[in-house]
2 protein chains.
Amino acid sequence: MPDRLSQFDKALFGLRSLVLGGAFLGDKRLSEVAVAKQLGVSRTPLRQAMDRLVSEGLLERIETGGCRVAIFTKQDITDAIEIRGVMEGTAAKMAAERGADPLLTAQANDALDRIDIALAPRGRIDFDLYVRQNARFHNLLGRLAGSGLIERELERMNRLPLASPSAFLIEQAGIPDFQESLRYAQRQHRAILEAITNREGSRAEALTREHARLALTNFDYLTKHRPEATKGVPGLALVTSRQGSTTDSA
Amino acid sequence: MPDRLSQFDKALFGLRSLVLGGAFLGDKRLSEVAVAKQLGVSRTPLRQAMDRLVSEGLLERIETGGCRVAIFTKQDITDAIEIRGVMEGTAAKMAAERGADPLLTAQANDALDRIDIALAPRGRIDFDLYVRQNARFHNLLGRLAGSGLIERELERMNRLPLASPSAFLIEQAGIPDFQESLRYAQRQHRAILEAITNREGSRAEALTREHARLALTNFDYLTKHRPEATKGVPGLALVTSRQGSTTDSA
DNA sequence: GGGTGAAATAATGTATACACAACCTCTGGC
DNA sequence: GCCAGAGGTTGTGTATACATTATTTCACCC
């Protein structure tokens, strides 16, 4: 987050948190003037922010103009998680095969060390620290691949609220043995980084895909046993189905 | 392409073709007013178009403001092709495992039939038709997966000028047995669609990845034997290396 | 002669005004 | 009572004006 907020940043962060907060869930369309007034910015930077959120998939354009909050189906979310797993796995494989930048590897190790601190064996888990360093580790995974393209793509995926590595890490989520599942995830982190360091491409890829499946597991558990918890997931407008258009311009 | 061009469309298509035409290759920064005047639009839609091209990866932002044409390394391109292969493979696998929409399958078949026409056994190849229907088939591959997310991601990838399925299909490229390579690609298309229809997920994925490697082969051949041909690739600013930043905000 | 600083110029970020399009409402007629 | 049309209202798309920031150049001092 930039130190000095430009009007655009103000609009982007403000709009994103409004959307994630579920402010416009029922709305047919977001009124630009109303939102601009609410955020204290003018329409120009707000429209830029809207464009950005559209490209992130949080909003979707309406044919006649303007945009509304995107509707996610459960399948959208599992798809997103699966695709993130594929991409992260590819990144890990690339990193292993090409040899990862030692500087970035050190940073990744540092992130994992801090997660260890967050998960201190005795005492209360520092959940906030975990989420932050977890996000940092996953971002570093993209950069370790040494490809600007995959780095950017992964960053984009990780911004998707429902596929991000931290999306369903809700302490109150009621997942059984939640703390143990975090420790399990951390062991996976270590294994992934080790595989990359040892230049074991296939192993790194498989481990990373497996790791991503944790999010799937959590999501499945939540939708089955605690559906109201997914309602608590910021901005989640879950529907079971959605009419799809199958038009094609030959 | 919309029938009635809005100012934004005018800016987007105009700017894209200017960039792809290599108009700003040496420039430190694109002047908004100058480009706006050249395209006959005002700065507002032009800036939107710039944002779009930045998200497509054709332009990149400058820290101090404004943007310039993106610089691609050869590795960027091979990476992009590989990642596209991974994503398309995933799409094909999803389509096969979930069962593809018959309507979309029919459209894909239609695209392939038209490619057959383009590759008519005797007579000159209809290269333009091939490229169009090839792009259509690859777009349909994304939609067959039945996931809005992967569909959008693939569309984004396919817009990347250097990773797109048609990027190195340059008739004059001097690839040996060029027409035969097109027929080979078409046989791969058929096999992919067949695997999807038969719901053979792994086979569909493998075939699709293999198919994507064609672009790699072509690109490798061109850079090795006809480096000047890659110069002819629209807007390609190829450099051999690039200084990377490895900063990290802990 | 070279370097540093300040001022001027130019370009971007932001705001606002205007025009056109869509939608909703209200009224009149059937 | 219901439907249709016209007018108003709301909203987006576009342009332009303004302010802020970066860059460059010139002059002065070392």
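The values are calculated or read from the model by the stated rules, or taken from the named source; none is laboratory data. Just so we're clear, the structure is a prediction, and the values are computed from it rather than from any experiment. When we count neighbours, we look across all protein chains shown, and the Cβ atoms used for this are built from the backbone with ideal geometry, even at glycine. Just so you know, the surface numbers come from the protein's heavy atoms only, side chains and all, with ligands and any DNA or RNA stripped out. Shrake-Rupley method; radii C 1.70, N 1.55, O 1.52, S 1.80 Å.
Summary of values
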item: For B:Pro102, label point 7 Å along C-beta direction: distances to other copies, nm; result: 6.2
item: Potential lengthening between B:Ile71 and B:Asp113 on full extension [0.36 nm per residue; Cα-Cα distance subtracted]; result: 11.4 nm
item: Flagged links, alpha-carbon separation over 24 Å, of A:Lys10/A:Lys74; A:Lys93/B:Lys93; A:Lys10/A:Lys37; B:Lys10/B:Lys37; result: A:Lys10/A:Lys74
item: The range B:14-63, accessible surface, carbon-and-sulfur percent (1.4 angstrom probe); result: 51 percent
item: Between the range A:109-127 and the range B:63-132, the alpha-carbon center distance in angstrom; result: 45 Å
item: Pairwise FRET efficiency - B:Leu20 versus B:Asp220, Cβ, R0 = 30 Å, nearest 0.05; result: 0.85
item: Whole-Hz ³J(HN,Hα) from phi, Karplus 6.51 cos²θ - 1.76 cosθ + 1.60, for the range B:124-130, glycine and proline x; result: 6, 5, 7, 5, 4, 4, 4
item: Inter-copy spacing of B:Thr217 label points, which lie 7 Å from Cα along Cα→Cβ, given in nm from shortest upward; result: 4.1
item: Additional length obtainable on full extension of the chain from B:Ile62 to B:Arg122, 0.36 nm per residue less Cα span; result: 16.4 nm
item: Neighbouring partner chain Cβ atoms per residue of A:200-213, average, 10 Å criterion; result: 0
item: Label distances, nm, B:Gln179 versus same residue in remaining copies, Cβ-directed 7 Å point; result: 7.3
item: Long-range HN-HN contacts of A:Cys67 with modeled amide H, under 5 Å; result: A:Leu30, A:Ile62
item: Karplus 3J(HN,Hα) series, Hz, for the range B:202-207 with 6.51 cos²θ - 1.76 cosθ + 1.60 (x for Gly, Pro); result: 5, 5, 4, 5, 4, 4
item: Using a Förster distance of 35 Å, the FRET efficiency for A:Leu103-B:Leu103 (Cβ separation, nearest 0.05); result: 0.10
item: Linear extension gain, B:Gln38 paired with B:Ser166, 0.36 nm per residue minus alpha-carbon span; result: 43.2 nm
item: Average other protein chain Cβ within 10 Å of Cβ, residues A:70-83; result: 3
item: 5 angstrom amide H check on A:Thr73, placed H, neighbours 5+ away; result: A:Val239
